[in-house]
Amino acid sequence: SSPLNVSMRAKLNACQQAVETQSQKLGIAPELLARKKILQNQLLMYKKTGELLWEGELATWRREILESEFIGIYSEA
């Protein structure tokens, strides 16, 4: 079972939705933009540090595409 509470799961779903939307715009597979595991790790790091970290795969061009969307998602309670 994942260590995600309800609000975190909602954030994860919203992030996955954003990835889906952006990947369709780009004409690439969602997994190529951000895999679920990567999104979960980012969420868990956020829970730990209170910061939205862009590391590994997410540190590249993906950040430019996803950052503004994710900031909106993460800034919601």
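Only the coordinates and a few stated rules stand behind these numbers; no lab work does. None of the values given here were measured: they were computed from a predicted structure. Neighbour counts run over all protein chains shown; Cβ positions are idealised from the backbone, glycine included.
Worth a mention:
- The residue among Met45, Leu26, Leu58 whose Cα reaches farthest toward the positive pole of the charge dipole of the chain, with charges on the beta-carbon of Lys, Arg, Asp and Glu, is Met45.
- For the chain, applying the loop criterion from DSSP together with a ceiling of 16 other beta carbons within 10 Å to the GluC sites (Glu not before Pro) yields Glu51, Glu55, Glu76.
- Under a model in which nothing but the beta-carbon of Lys, Arg (+1) and Asp, Glu (-1) is charged, segment 13-77 shows a dipole of about 200 debye around its Cα centre.
- When the trypsin sites (Lys or Arg not before Pro) in segment 1-56 are filtered for DSSP coil states and for at most 16 other beta-carbon atoms within 10 Å of their beta-carbon, the remaining sites are Arg35.
- Helix 61-75 and the longest principal axis of the C-alpha atoms of the chain enclose an angle of approximately 40°.
- Across all directions, the average flat footprint of the convex hull enclosing the Cα atoms of the chain is 4.8 nm².
- Residue among Leu32, Leu44, Leu12 with the largest mean-square fluctuation in a Gaussian network model of the chain, springs linking Cα atoms under 10 Å: Leu32
- Seen against the Cα atoms of the chain and their longest principal axis, helix 36-49 is set at about 40 degrees.
- Take every Cα pair under 8 Å whose residues are at least 6 apart in sequence, average their separation, divide by the length of segment 6-75, and the relative contact order is 37 percent.
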